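The values are calculated or read from the model by the stated rules, or taken from the named source; none is laboratory data. The structure displayed is predicted, hence computed values, not measured ones. Here the Cβ positions follow ideal geometry from the backbone for every residue, glycine too, while neighbour counts run over all protein chains shown.
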Amino acid sequence: MPKETKKSVISNSVIKRLPRYYRFIGALLRQGVVRISSEKLAEKMSLTASQIRQDLNCFGGFGQQGYGYNLEELKKAIGSILGVTGHCKTVLIGAGNLGKAIAAHMDFSEYGCELIGIFDSDEEKIGENVAGLEVMHISGAKSFFEKNKPQVAILCVPETSAQALADRLVLWGIQAFWNFTHYDITVSHKNVVVENVHLGDSLMMISYALSHSEENE
C-alpha cells in the first residue's frame, strides 16, 4: 500500500495523468495482464518509465524493483486516490442528443458516480426513458434534490441558462459540475468543483495540427 502523501505537494500535471493510468490499467486487466514493469507500461502509454515511477512515487510508490506492478492492486489504489471507489449521486440536466448519449454510454459506476435522475424543461422529452431513467421536468428538481441529495450535476443545457442554473443547483446542494455547455460557469461558492468540457476545443486542436503539419515536417 502507498504511504500517505500531502495533496499540496502534488502538481496538477501529475493528478491529471492519474485518470489515464486508471484507464490504461483497466484495459490491460481486461486483456488478462496481471503484472507489468514500468518500462512496458511506459511503452503502452507513450511515457517514460522514469515519469511513471516519479508520478506514482508522489503517492508513496507502488511495486517492487524487478517485480513490477500488480495491476489489480495498482488500479484499486489509483481508484482510491481518485475517489472512484465511492458512488456520488449524480443528476443530468438536459436530455437532448448530447445528454442522452452521455447517459446511455457512460459507465458511471466505473468512475465513482451513480446517475439517479435526468431533467429537462422540454415538455416533449418529459416521460422519455433514457438509460433506464424517466426524464423529469426541471420544475420538480428541488423536491427531488431535497429527498435524494445528489452531489454532482452534469449540464447539457443552452449556454444562456448555464450560470443561473448552476447558482440555483448549488443552493439545492450540488457540490460539483460536469459542464458541457458552451459557457464556462464560475460558481462563487467555496468548495464547489467545476469541470468545463468544451468538445470544440479538442476539435480545433486537430485542425491546428493538420493546418501546421507541413511546417512541423
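Data for the structure
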read-out: Single condition Cys156 does not satisfy, out of (1) touching a Gly at 6+ places or on another chain (Cβ under 9 Å); (2) over 20 Å from Ile15 (Cα atoms); (3) surrounded by fewer than 17 Cβ atoms within 10 Å (Cβ to Cβ); value: (3)
read-out: Residue that is nearest to Glu159 (Cα to Cα), among those in segment 80-92 that are part of a helix (DSSP H, G or I) and in contact (Cβ under 8 Å) with a residue 60 or more places away in the chain; value: Leu82
read-out: Contacts under 7 angstrom Cβ, first residue in segment 184-209 being surrounded by 10 or more Cβ atoms within 10 Å (Cβ to Cβ), partner polar (S, T, N, Q) and not in a loop (DSSP other than H, G, I, E, B), 6 or more apart; value: Asp184/Asn196; Ile185/Gln163; Ile185/Asn179; Ile185/Asn196; Val194/Asn179; Glu195/Asn179; Asn196/Asn179; Val197/Asn179
read-out: Single unsatisfied condition, Ala103 versus (1) part of a strand (DSSP E or B); (2) outside the structural domain of Arg20 (by TED's automatic domain parsing); value: (1)
read-out: Residue under evaluation Ile138, criteria (1) closer than 30 Å to Gly26 by Cβ; (2) surrounded by 17 or more Cβ atoms within 10 Å (Cβ to Cβ); (3) in contact with a helix residue (DSSP H, G or I) (Cβ under 9 Å, 6 or more places away or on another chain), criterion not met; value: (1)
read-out: All positions within segment 116-132 that are surrounded by 12 or more Cβ atoms within 10 Å (Cβ to Cβ), in a loop (DSSP other than H, G, I, E, B) and not aliphatic (A, V, I, L, M); value: Ser121, Asp122, Lys125, Glu128
read-out: Options Val187, Val170, Val135; residue that is in a loop (DSSP other than H, G, I, E, B) and in the same structural domain as Asn97 (by TED's automatic domain parsing); value: Val187
read-out: Segment 173-182, residues that are crowded, with 19+ Cβ neighbours inside 10 Å and assigned to a loop (DSSP other than H, G, I, E, B); value: Ile174, Phe180, Thr181
read-out: Candidates Ala77, Ala95, filtered to the one that is outside the structural domain of Lys40 (by TED's automatic domain parsing) and either assigned to a helix (DSSP H, G or I) or at pLDDT 90 or above (or both); value: Ala95
read-out: Single residue of Ile154, Ile206, Ile185 found to be within 27 Å of Ser80 (Cβ to Cβ) and either under 14 Å from the mean Cα position of the chain (by Cα) or at pLDDT below 95 (or both); value: Ile154
read-out: Which listed residue is among the aliphatic types (A, V, I, L, M) and surrounded by fewer than 16 Cβ atoms within 10 Å (Cβ to Cβ), from Ala49, Ala42, Ala77, Ala95; value: Ala49
read-out: Residue check for Glu146: over 12 Å from Ile93 (Cα atoms), in a helix (DSSP H, G or I) and without any contact (Cβ under 8 Å) to a residue 40 or more places away in the chain; value: yes
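Rundown of residues vs (1) within 22 Å of Val170 (Cα to Cα); (2) hydroxyl-bearing (Ser, Thr, Tyr), yes/no style:
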{"position": "Arg53", "(1), (2)": "no, no"}
{"position": "Phe59", "(1), (2)": "no, no"}
{"position": "Asn70", "(1), (2)": "no, no"}
{"position": "Ser80", "(1), (2)": "no, yes"}
{"position": "His87", "(1), (2)": "yes, no"}
{"position": "Thr90", "(1), (2)": "yes, yes"}
{"position": "Ile93", "(1), (2)": "yes, no"}
{"position": "Lys100", "(1), (2)": "no, no"}
{"position": "Phe108", "(1), (2)": "yes, no"}
